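Q: Quick one: the structure is below, questions incoming.
Quick note: the coordinates plus some simple rules give every number you see, no bench work behind them. Treat the numbers as computed from the prediction; the structure is a model and nothing was measured. FYI the Cβ positions are ideal-geometry reconstructions off the backbone, even for glycines, and counts take in every protein chain you see.
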Amino acid sequence: MRVKIMLRYGLTAVVMVLAGTPAFTQTTTWEIDPAHSAAHFSVRHMMIATVRGEFHKLAGTVMFDEKEPNKSTVDATIEATTIDTGHEKRDSDLRGAEFFDVAKFPTIMFKSKSVTRQGEGRFKVTGDLTMRGVTKPVVLDVEGFTAQVKDQRGNIKTGASATTKINRSEFGLTWNRVIETGGVAVSDEVAIVIDLELVKKGPSPAATSGGSSK
């Protein structure tokens, strides 16, 4: 009888402990590989052609929760000084005060506020883009992740791409001129494509129950 009572109380204690233990999920940390990632952009010139360019250097972190993507986060920085359109004089102008003013604003930053799954391998990432000292909300349409592979150093890697469009004048990039045949020299709308190669940094347990979020 005594043994049965002890077992009953022992089982009750275990149940109470388990009931009070928070559930855990695995949030995987991925870091942007700057050597194999870039932010590309395109803009209409003189209303007749498209000029393309890119920023060569990105850095940042993606914290991804496969089961609950809404708990994922993206934090990225682009070095504005690395702008490259394949034309030295134009690139120098773009780094100047009339455009990106990289002496005062050397980086472009994105910080996510929400992540929602849009289907298999597709996500919508809403966040704040800060460029030239101005912060505006943007929405990225993301495709990924690709199948994971292991490189020659044993690192686990995957890939993803994101697209969006912004109005450059909203970020203080207002330089323009009217052309004789009508229209302007540079369109306000800029299309952006970001290609990412990501390196897995390992899972970190994240509590998902009970506590208040900050």
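Q: How large is ³J(HN,Hα) for each residue in the stretch 63-73, as worked out from phi by the Karplus curve 6.51 cos²θ - 1.76 cosθ + 1.60 (θ = phi - 60°), to whole Hz, x for Gly and Pro?
A: Those phi angles translate into 9, 10, 10, 4, 6, 10, x, 5, 8, 7, 9 Hz.
Q: Quick check: pseudo-label points 7 Å beyond the Cα along Cα→Cβ at residue 113 and residue 169, how many nm apart are they?
A: 2.4 nm
Q: Which of the trypsin sites (Lys or Arg not before Pro) across the stretch 44-124 are loop residues per DSSP, with 11 or fewer other Cβ within 10 Å?
A: For trypsin sites (Lys or Arg not before Pro) across the stretch 44-124 that sit outside H, G, I, E and B with at most 11 neighbouring Cβ atoms in 10 Å, the list reads 67, 104.
Q: Considering only DSSP states other than H, G, I, E and B, which GluC sites (Glu not before Pro) in the stretch 82-122 qualify as loop sites with at most 15 other Cβ atoms within 10 Å?
A: The qualifying sites are 98, 120.
Q: Can you put 199, 115 in order, fewest other beta carbons within 10 Å first?
A: The order, fewest Cβ neighbours first, is 199, 115.
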